[in-house]
Amino acid sequence: MKICLTCAAGGHLNQLMNIIDAFEGHDIFFITTKSETTMELNKIAKTYYTKDSPRPFRLGNLEFLRLTFTFYTLSISWPCFKILIREKPDVIVSTGGSSTICLCCLSKLMGTKIVYIESLARINDLSVTGKYVYKIADLFLVQWEPLLEKYHKAKYWGKVL
């Protein structure tokens, strides 16, 4: 099975690396943002880098989060599409951040299965990425049982990360 592991650098990557042994014996590759910590991923598997999401555009006191996010997503869509066409993953596994939403949407259109693991830090509500991916994920894991009351499609398998 070919598995794409995608997340942002930092905490999302730390959580994904906590379960890296689960993918042993499978053909994996990473899609992440470039940082000092992600530069080491090439020692584990092929790694692709996307642009990190920018800070929201501000005009005075107004913050244009959706506008910033829309332009960011458009700017990474083509590079992400080319990676997915080249690699043809069977499954995308993500812990969130950066290009996750774009990759999951494109992958869904290509018939790829999506597994999303919500952050352990999300106790009362989903992350912004989680809220988008929840709608299209084939398996959506939360790490706090009370979230199941709000998100009925989610699964709780205990503390995964």
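Where a Cα-Cα gap under 17 Å defines reach, which aspartates and glutamates qualify for K34, not counting those fewer than 8 residues away within the same chain?
D52
Within the chain, what whole-number % of the accessible surface is contributed by carbon and sulfur, with the 1.4 Å probe and all protein chains included in the calculation?
59 percent
Would you mind checking K43/K135; K82/K131; K82/K150; K46/K150 for any pair whose Cα atoms are more than 31 angstrom apart?
Over 31 Å apart, Cα to Cα: K43/K135; K82/K150; K46/K150.
With runs of 4+ DSSP H residues as the only contributors, calculate the mean residue ellipticity of the chain at 222 nm using -39,500 (n - 2.57) per run, divided by the residue total and rounded to the nearest 500.
-9000 deg cm²/dmol
Can you tell me the accessible area per residue over the chain, all protein chains present, probe 1.4 angstrom, in square angstrom?
56 Å²
For a Förster distance of 30 Å, can you work out the FRET efficiency between the beta-carbons of K150 and L67, rounded to the nearest 0.05?
Taking R0 as 30 Å, the efficiency between K150 and L67 is 0.60.
When we measure straight from the Cα of K88, which aspartates and glutamates land under 19 angstrom away, once same-chain ones fewer than 8 places off are left out?
Within reach: E24, D27, D138.
Which order do the peptides 92-104, 74-86, 16-28 come out in when sorted by mean C-beta neighbours inside 10 angstrom, highest first?
Peptide ranking by packing, descending: 92-104, 74-86, 16-28.
The values are calculated or read from the model by the stated rules, or taken from the named source; none is laboratory data. None of these values were measured; they are calculated from a predicted model. Every residue, glycine among them, receives a Cβ derived from its backbone with ideal geometry; neighbour counts consider all protein chains shown. Surface accessibility is based on the protein's heavy atoms, side chains included, excluding ligands, DNA and RNA. Shrake-Rupley method; radii C 1.70, N 1.55, O 1.52, S 1.80 Å.
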